[in-house]
1. I want the antiparallel fraction of DSSP beta bridges within the chain, as a percent rounded to 5.
2. Which FRET efficiency value, to the nearest 0.05, is calculated for GLU143 and ARG4 with the Förster distance at 25 angstrom and r the Cβ-Cβ distance?
3. Return, ordered by residue number, the residues of the stretch 199-226 whose backbone nitrogen is under 13 Å from a label point located 7 Å along Cα→Cβ of ILE170.
4. So how tilted is helix 143-155 from the main axis of the chain? Cα-based, degrees 0 to 90, rounded to 10.
5. Quantify how much of the Cα-Cα distance distribution of the stretch 2-260 extends past 29 Å, in percent.
6. How far, in degrees from 0 to 90, does helix 192-203 lean away from the longest principal axis of the Cα atoms of the chain, to the nearest 10?
7. How many nm separate the modelled label positions at LYS46 and GLU179, each set 7 Å beyond the Cα in the direction of the Cβ?
8. By how many degrees, between 0 and 90 and to the nearest 10, does the Cα long axis of helix 95-108 differ from the longest principal axis of the chain?
Amino acid sequence: MIYRFIYALKYIKYWLFAKHKKGHGIHSPFVYELIKNVFINKIITKDLNEAKNIHKKYRKSKEILDFKEIGAGSSYKKLRKTSVGQIIKRSSVSPKYGSLIYKLVQYFDPKEILELGTSVGISTAYIAQAVPLSKLISIEGVEEKMKIAKTIASELKQNTEFINGDFHMILASVIEKYEKLDLVFFDGNHKKNSTLKYFEACLKKSHNESIFIFDDIHWSIEMEEAWKIIQNHSKVNVSIDLFRIGLIFFRKELSKQHYVIKF
C-alpha cells in the first residue's frame, strides 16, 4: 500500500510538471517529429489492433501459474501462484504504453531487437507486431511465464525467439548473436546495479541510431537512480521521460538534452 501511494504521488508530480504534450516549445526537430508522428499519433493499424485484442483476451485469463519469481521486476514478486490475467494487470505494459511501444518500433523500424524480461509476452507481442520481419530475441527467467508468451506469439503468427535463463548468466552469450543492437527493451531485473550492468553490456553492440527503452523508470528509488546515471552517460545525447518508460538515443548529431514529456 505504501508503494502504491508513493508511486501515485510520483505520477501526480509528473503530470503537473511534464510539458510538450503536443510538441510546443520543443526546439529539436528530431524530438518534435517523434512527438508528432508517435506520441500523439492516434492511428490504429490492423497489426496494432491484433496486439490490443490479444492483450485484452489474456488480461481476462484465469489460468493459474505456479512459479518462483526472479529479480525485482514486480511489486508482487513474493507471489508464487497467480493467474495470467493478474500478472498482466499488475506488471505488464498497459494498452496505452503497449500502443506507444508498437508505434515507436514501427516508426524507427529496427532490424535487430532484444527484449530483457518477456514476462507473459504482452510487450513482446506489441514489438513483434510492429516489425514482423525483424529479428527479435526475448529473454525471460521464469519458464512458466515464457510458455504463455510463446502461446501468444503463436496465435499472432510471430517469429520471436524466446530464451529462458538468468540474465546474469546468459546475457553476454545472447548479445553475441547480434551484429548490432538497433533496439533494446529493458524490462527485467529492476535493481539499480543489474540495470546498469545490462545497459553497459548492450552498449557494446549499440550504434548511432540505436534506441534503448527502459520500463518502470520510476518504479523505485533504485530505478530512478539508475535512470539518472544512464541519461547522463557520455554516449547518451537525448533522453525522454514518459513516466512509465524512458527512451534513450545516442545520435551524435543531437544536442545533449533530457526531456520530461507529458504522455
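FYI, it's all coordinate maths here, none of it is from the lab. Remember, predicted model here, so these are calculated numbers, not experimental data. Reconstructed Cβ throughout: ideal geometry from the backbone, glycine too, with neighbour counts over all protein chains shown.
1. On the way: 12 of 34 bridges.
Percent antiparallel among DSSP bridges in the chain is about 35.
2. Rounded to the nearest 0.05, the efficiency is 0.30.
3. none
4. 80
5. That fraction is 26 percent.
6. The two axes meet at around 70 degrees.
7. 3.1
8. Orientation of helix 95-108: about 60 degrees from the principal axis.
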